[in-house]
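Throughout, read-outs are computed from the coordinates displayed, never taken from laboratory work. Please read these numbers as outputs of a predicted model, since none were measured by experiment.
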Amino acid sequence: MKKIKILALLIVLTGLRNVQAQPQVNADNRKYIEVTGSAEMTVQPDEIELRIVLSEYNKNGKKVGLDKVQSLFDEVLKKNNIKPETLMFEDMEGYWWYWWSSRDAQYHTKTVKLKLSKETNFLSLVEGLNEKWVQDIRISNSTNKNIQKYRKEIKIEAVKAAKEKAAYLLESLNEQIGGVLSIEEIPDQYKYWWDRGGNLASNTTIYQSNTDENNIENVAGIKLRYEIKAKFGIK
């Protein structure tokens, strides 16, 4: 009896999940269909921010202090045509607890941030920073000056995907799509990225990475994805 109840519950939940893809009726007795369309694009950044942790280290039994480490770091920047004045030091006001807890550490560290564009050879810089005095290096942020434009384009394509989905679903029922009744943008949620094999992927328009002469190569792209819920009348 318990297995039967569980099976019945699954059937009910499945029916509730799919109900939006079926013809329904408005309060004014107009039939409609409500569907979700999505689109995504990978945008290559034209500016990235590196977070670099410099650290004291041991050389031939002697400790190399942060002043010397900073000097070595400046040499790497100079070789890669990066001006030292472009460096940003991490705001220590929010990290006072880290300084306090590590004040007696054997090797002290200093965190800096560096903004890079295509003018800098990213791989050459990273190779130059492959030293003992670099404790950690990572991309803390990336952006593209045209990202708002790309977001607009993706949302438009998501609406088109929703309309296309509504049309072929109704066609399977010998019905025709009518005018749009409402369009709603679905807020970003991480679950949209996880469900790659489910219904969301079936009505997704996927674009290749954008190409621009100012984009930074050898860096992971920025993935944009948007979903639109649309309601269409039925003729």
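Here are the numbers for this structure:
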{"quantity": "Residues with amide H under 5 Å from that of SER140, placed H, sequence gap 5 or more", "calculated": "GLU49, LEU50, ARG51"}
{"quantity": "Unsatisfied cross-links (Cα-Cα over 18 Å) in the set LYS68/LYS118; LYS79/LYS118; LYS59/LYS113; LYS160/LYS231; LYS59/LYS83", "calculated": "LYS68/LYS118; LYS59/LYS113; LYS59/LYS83"}
{"quantity": "Nonlocal amide H pairs with ASP46, under 5 Å, H built at 1.01 Å", "calculated": "THR143, ASN144, LYS145, ILE216"}
{"quantity": "For segment 129-138, Karplus couplings with θ = phi - 60° (6.51, -1.76, 1.60), whole Hz, Gly/Pro x", "calculated": "8, 7, 10, 4, 7, 9, 7, 7, 8, 7"}
{"quantity": "Residue-span extension gain [LYS59 to TYR168] - 0.36 nm each, minus C-alpha spacing", "calculated": "32.3 nm"}
{"quantity": "Length added when fully stretched, LYS31-LYS152, from 0.36 nm per residue minus Cα-Cα", "calculated": "40.6 nm"}
